[in-house]
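**Student:** Let me begin by handing over the structure; questions about it come next.
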Amino acid sequence: MPYEPTVDKQKRPAVRVKSSRFTKRFGKAREELLKWHQLHGRHDLPWRREQNPYAVLVSEFMLQQTTVTTVMPRFRAWMRRFPSISDLAGAKEQEILAAWEGLGYYSRARRLHAAARKVVERHGGDIPVEESDLLRLPGIGAYTAAAIRAFAYDQHAVVLDTNIIRVLSRWGNMSDPIDTALGKNNLAAIAVSFFPRTGCRAMASALMDLGATICKSGEPDCLACPLEKTCAASEPKKLPKKSPRSVTTKLVEHRAWFWKANRLYLEQSRGPHWRGLWILPEVRNAKSSGRSLAEITYPITRYRVTMKVHRVIGKIPAILKGFTLDELEGLPMPSPFRKVIVKLASTSQ
């Protein structure tokens, strides 16, 4: 998850990074890290090979809260479908949502679409390089702006994603939770000194790859780490520290299965979740609907939802629309709904 650094000038960071001792340590760490990255970096990531600003923009939106493994095939499919920012800007929202399926958090797709349109309108289709211009685009905050500046244009920018935060907090042996004001200040102080004035693309890539492959969550492989000699962590597997998590709430929702004349009847969500996507309608009286046909459990924000699907016999509400199985394939739909529909559709024919 991206991190947006904020440095409180009234609070001196606990980690002092200005002394000659620390300057030498930073320099040695950067040198060893870049050597390691040349041999072991993830240079095959498609958005890195191209160094295309549009490809970087798409990848950064997709990688928010989604793993590289999940993103890679969808990124390739997306670039085939929308090869340029103009193609994306000119596409219809339903087409965008359908192409985004499987990545979740569909609001990201809408914001990416809106950003593409603004780039075409304001910048003639050229993704801007200046931070102030990037921050004016929909869906782009401090982290995404820094990532675009570093990866697309190799400009000076401090990029802090989950992997980089983990590496730097361990390397600096940060004792304060990284989601507190003091923790953010200390992390920002380390990061500002770690990132060089030039070559931020290589540095950000190296730190990310180290966090993804060596300095992983849980037990890191310290013996294989190029930063092992300069790292200050005494118990790296316990870092970074975070404040206690909020409690996950369990929910149960009941959905209706309206199947008639080889058509499944769905509704288009009006929000707040999955706005614009096609979903099974809610069952108003679950007790009278009998035993569920199928169940599926999925996470969404701070909830863990169990969806129960019930067969409903009777008049089909006018608000619903019927689709054949072939039509369902190209319909924008949340992944949990598609999974349960595919399962039930095979028994309804």
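**Student:** Report the per residue volume, in Å³, of the convex hull enclosing the C-alpha atoms of the range 300-349.
**Tutor:** Working: hull volume 6.2 nm³, N = 50.
So the per-residue Cα hull volume is 125 Å³.
**Student:** Here's something else I'd like to know. Along the charge dipole of the chain, Cβ charges K/R +1 and D/E -1, which of V252, G314, W36 sits furthest on the positive end?
**Tutor:** Positive-end residue among those listed: V252.
**Student:** Taking loop as defined by DSSP and a crowding limit of 15 other beta carbons within 10 Å, which trypsin sites (Lys or Arg not before Pro) in the range 209-260 fit?
**Tutor:** Details: sites: K216, K229, K237, K238, K241, K242, R245, K250, R255, K260; in loops: K216, K229, K241, K242, R245.
For trypsin sites (Lys or Arg not before Pro) across the range 209-260 that sit outside H, G, I, E and B with at most 15 neighbouring Cβ atoms in 10 Å, the list reads K216, K229, K241, K242, R245.
**Student:** Would you mind getting the accessible area per residue of the chain, heavy atoms of the protein chains only, 1.4 Å probe, in Å²? Let's see the in-between values first.
**Tutor:** Numbers: 18570 Å² over 349 residues.
Counting only protein heavy atoms, the per-residue value for the chain is 53 Å².
**Student:** Grab the Cα-Cα distance for K241 and E31, subtract it from 0.36 nm times how many residues apart they are, and report the gain in nm with one decimal. Let's see the in-between values first.
**Tutor:** Working: separation 210, 0.36 × 210 = 75.60 nm, distance 2.70 nm.
Stretched fully, the K241-E31 segment lengthens by 72.9 nm.
**Student:** With +1 assigned to the C-beta of every Lys and Arg and -1 to the C-beta of every Asp and Glu, and no other charges, what is the dipole magnitude of the range 255-349 about the Cα centre in debye, to the nearest 20?
**Tutor:** Working: 17 positive and 6 negative charges, 82 e Å.
Roughly 400 debye, rounded to the nearest 20.
**Student:** Pick from G41, G211, G27: which residue has the top mean-square fluctuation in a GNM of the chain where Cα pairs under 10 Å get a spring?
**Tutor:** Fluctuation is largest for G27.
**Student:** For the range 185-311, give the percent of accessible area contributed by carbon and sulfur heavy atoms, probe 1.4 Å, rounded to a whole number.
**Tutor:** Working: 3520 of 7290 Å².
Of all accessible area on the range 185-311, carbon and sulfur atoms account for 48 percent.
**Student:** Give, as ranges by residue number, the residues of the range 65-106 whose backbone N falls under 17 Å from the point 7 Å along Cα→Cβ of S335.
**Tutor:** Counting only backbone N, you get 65-78, 97-106.
**Student:** Run through the DSSP bridge list for the chain and note the antiparallel percent, rounded to the nearest 5.
**Tutor:** Numbers: 16 of 25 bridges.
So the antiparallel bridges in the chain amount to around 65 percent.
**Student:** Put +1 on the Cβ of each Lys and Arg and -1 on the Cβ of each Asp and Glu in the range 205-349; which of P226, M208, L277 then has its Cα farthest toward the positive end of the dipole?
**Tutor:** Highest projection toward the positive end goes to L277.
**Student:** Grab the Cα-Cα distance for E121 and E95, subtract it from 0.36 nm times how many residues apart they are, and report the gain in nm with one decimal. List each step's numbers first, then the result.
**Tutor:** Numbers: separation 26, 0.36 × 26 = 9.36 nm, distance 2.04 nm.
Fully extending the segment from E121 to E95 adds 7.3 nm.
**Student:** Shifting gears a bit: With angles folded into 0 to 90 degrees, how steeply does helix 335-348 sit against the dominant principal axis of the chain? Use alpha carbons for both and round to 10.
**Tutor:** 30 degrees
**Student:** How far is helix 200-213 tilted, in degrees, relative to the longest principal axis of the Cα atoms in the chain, given as a value from 0 to 90 rounded to the nearest 10?
**Tutor:** Taking the Cα atoms of the chain, the angle to 200-213 is about 70 degrees.
**Student:** On a 0 to 90° scale, report how tilted helix 68-81 is relative to the longest principal axis of the chain, with both axes built from alpha carbons and the result rounded to the nearest 10.
**Tutor:** 70 degrees
**Student:** Right, another one. State, to one decimal in nm, how far the label point of K343 lies from the label point of S234, with both points 7 Å from Cα in the Cβ direction.
**Tutor:** Placing both labels 7 Å beyond Cα along the Cβ direction yields 4.9 nm.
**Student:** Another question, if that's okay. Can you check what the net charge comes to around K241, using other residues whose Cβ is under 15 Å from the Cβ of K241 (Lys, Arg +1; Asp, Glu -1)? Present the calculation step by step, with values, prior to reporting the outcome.
**Tutor:** Details: positive: R166, R170, K184, K237, K238, K242, R245; negative: D176, D179, E235.
Charge balance in the 15 Å sphere: +4.
**Student:** Leaving out ligands, DNA and RNA, what percent of the accessible area of the range 73-151 is carbon and sulfur, probe 1.4 Å? Working shown, then result.
**Tutor:** Details: 1560 of 3400 Å².
Reported share for carbon and sulfur atoms: 46 percent.
**Student:** Let me ask something else about it. Would you give the gap between the C-alpha center of the range 35-81 and the C-alpha center of the range 148-206, rounded to a whole Å?
**Tutor:** Result: 19 Å between the Cα centres.
**Student:** Still on this structure: Taking the Cα centre as origin and putting +1 on Lys and Arg beta-carbons and -1 on Asp and Glu beta-carbons, what dipole magnitude results for the range 71-184, to the nearest 20 debye? Mind dumping the intermediate values first?
**Tutor:** Working: 16 positive and 13 negative charges, 64 e Å.
Around 300 debye, computed over the range 71-184.
**Student:** Provide the FRET efficiency to the nearest 0.05 for the R136-I313 pair, computing r from the beta carbons and using R0 = 41 Å.
**Tutor:** 0.20
**Student:** Would you calculate a helix-derived [θ] at 222 nm for the chain, using -39,500 (n - 2.57) for each DSSP H run of n ≥ 4 and dividing by the full residue count, to the nearest 500?
**Tutor:** Working: 14 runs with 149 residues, N = 349.
When only DSSP H runs of four or more count, the value is -13000 deg cm²/dmol.
**Student:** Give the residue list of trypsin sites (Lys or Arg not before Pro) in the range 314-349 that are DSSP loop and have at most 13 other beta-carbon atoms within 10 angstrom.
**Tutor:** Answer by residue number: K315.
**Student:** Once you order the gyration tensor axes a ≥ b ≥ c over the Cα atoms, which shape class does the range 104-165 get: rounded for a/c under 1.5, otherwise prolate or oblate by comparing a/b with b/c?
**Tutor:** Note, shape of the range 104-165 comes out oblate.
**Student:** Under a point-charge model restricted to the Cβ atoms of Lys and Arg (+1) and Asp and Glu (-1), what is the dipole moment magnitude of the range 132-249 relative to its Cα centre, in debye to the nearest 20? Intermediate values should be presented prior to the final figure.
**Tutor:** Values: 14 positive and 10 negative charges, 37 e Å.
Result for the range 132-249 is approximately 180 debye, rounded to the nearest 20.
**Student:** Under a GNM of the chain (C-alpha, springs under 10 Å), which listed residue has the highest mean-square fluctuation: P281, P177, P317?
**Tutor:** P317
The values are calculated or read from the model by the stated rules, or taken from the named source; none is laboratory data. Not measured: the values here are computed from a predicted model. Using ideal geometry, Cβ is built from the backbone for each residue, glycine included, and neighbour counts are taken over all protein chains shown. Calculation scope for accessible area: heavy atoms of the full protein, side chains included, ligands and nucleic acids excluded. Shrake-Rupley method; radii C 1.70, N 1.55, O 1.52, S 1.80 Å.
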